[in-house]
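Data first, discussion second: the structure below is written as structure tokens.
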Number of protein chains: 2
Amino acid sequence: MSDLDPPSTAAPMQPGQMLARGVCRHLRGYGFACVEEFVPARGLRVDVMALGPKGEVWVIECKSGRADFTSDHKWQGYLDWCDRYFFAVDAGFPVEILPDEAGLILADGFGAEIIRHPEEGRLPASRRKALHLNVARTAATRLQSYRDPGVAGMFKDK
Amino acid sequence: MSDLDPPSTAAPMQPGQMLARGVCRHLRGYGFACVEEFVPARGLRVDVMALGPKGEVWVIECKSGRADFTSDHKWQGYLDWCDRYFFAVDAGFPVEILPDEAGLILADGFGAEIIRHPEEGRLPASRRKALHLNVARTAATRLQSYRDPGVAGMFKDK
């Protein structure tokens with residue numbers, strides 16, 4: 001099994017999920033803890049939600065190609081849910097189509113590099129607090145399902 | 001492999017870990033998300049840290065037998081880190097030796113039942129906030145190690 005393969009029981013990873021894995025590896029080196037496919041609010045789903053040591057909240061959307069970006073009309077809606085917002089793309093992506101106000105990360109399945117930081121917004125304290133709790137409960141619940149596979153049949157996964 | 005066996009790559013579970021698993025299963029039914037072996041502060045390590053839907057913080061210490069309890073001189077130190085504190089024990093445990101002011105949970109590896117709720121303390125807001133962030137980052141980092149085993153060799157686990 002190569003390093004790029006998912007666990008044998010999982011479905012093959014999509015290109016965007018590969019980018020997310022590389023992003024999460026890289027951000028961990030900065031002391032950021034990441035949760036993939038996180039739902040900050042009903043109808044929103046971010047590829048990577050990253051929490052920094054001081055509670056910083058970063059959102060990273062992974063775009064596997066031009067069409068993946070141009071078909072996404074929601075990205076500005078995520079700006080209200082983070083201090084910094086990034087797009088992560090691979091080396092073949094036409095980065096000139098990405099908005100300058102978003103951050104830019106180059107990634108592959110093994111790692112990533114931050115090319116451009118966006119300006120920092122500041123989350124309202126109440127939203128930051130709610131996001132921290134939401135990430136805590138989401139990550140803990142998913143972690144339980146890995147540690148205790150028997151629990152999966154007992155509860156509907158959130 | 002029976003339902004009680006840990007994943008094949010893991011070490012056999014200790015009796016206290018079995019109790020913790022049952023506790024976590026039960027609390028999930030209450031909407032609590034649990035992290036096992038959580039470190040709220042240097043020198044402290046709780047068996048189960050549980051976060052409720054409204055941010056409630058419960059700590060559950062799992063005692064596999066009389067000696068496990070009598071050798072523990074630290075439990076009152078955990079009261080400052082939660083709203084409610086419980087002991088979890090199995091059906092053979094001499095529950096009369098446990099302090100009345102702590103909650104009581106009967107557990108085995110499959111599930112648990114709350115026998116007695118303790119009085120509720122109230123965490124200071126700043127500590128609750130710090131705990132939520134700490135749980136979020138701890139659970140997300142551990143989750144990443146399950147989802148991406150390749151990351152384990154790249155970073156020292158926290």
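The values are calculated or read from the model by the stated rules, or taken from the named source; none is laboratory data. In this text the structure is predicted, and so the values were computed from the model without any measurement. Cβ: placed from backbone, ideal geometry, glycine included. Neighbour counts: every protein chain shown. What goes into the accessible areas is simple: the full protein's heavy atoms, side chains included, and nothing from ligands, DNA or RNA. Shrake-Rupley method; radii C 1.70, N 1.55, O 1.52, S 1.80 Å.
Inter-copy label distances at A:E37, shortest first and taken from points set 7 Å along Cα to Cβ: 2.7 nm.
The residues B:F110, B:F69, sorted by heavy-atom accessible surface at 1.4 Å with ligands and nucleic acids left out, run B:F110, B:F69 from largest to smallest. Largest accessible area first, the residues A:E36, A:E96, B:E113 order themselves as A:E96, B:E113, A:E36 under a 1.4 Å probe with ligands, DNA and RNA left out.
Test of understanding: extend the Cα→C-beta vector of B:A125 to 7 Å, then name every residue of region B:62-87 with backbone N under 14 Å from that spot. The answer is none, because no backbone nitrogen lies closer than 14 Å to the label point.
The B-A contact accounts for approximately 3500 Å² of buried accessible area, totalled over both chains at a 1.4 Å probe radius. Run lengths n ≥ 4 of DSSP H only: what is the helix-derived mean residue ellipticity at 222 nm for chain B, with -39500 (n - 2.57) per run over all residues, to the nearest 500? Mean residue ellipticity, 222 nm, calculated: -9000 deg cm²/dmol.
Measuring nothing but protein heavy atoms, the accessible surface of chain A at 1.4 Å probe radius is 52 percent carbon and sulfur. Distances between every pair of Cα atoms in the protein assembly as shown, grouped in 20 Å steps from 0 to the bin holding the largest one, split as 31, 53, 15, 1 percent. If R0 is 35 Å, the Cβ-Cβ spacing of A:I97 and B:M154 corresponds to a FRET efficiency of close to 0.65.
With pairing defined as another cysteine C-beta under 4.7 Å, the cysteines of the protein assembly as shown that fail it are A:C62, A:C82, B:C62, B:C82.
For chain B, count all C-alpha to C-alpha pairs, find those more than 23 Å apart, and express that count as a whole percent of the total. Summing the P(r) of chain B above 23 Å gives 38 percent of all pairs.
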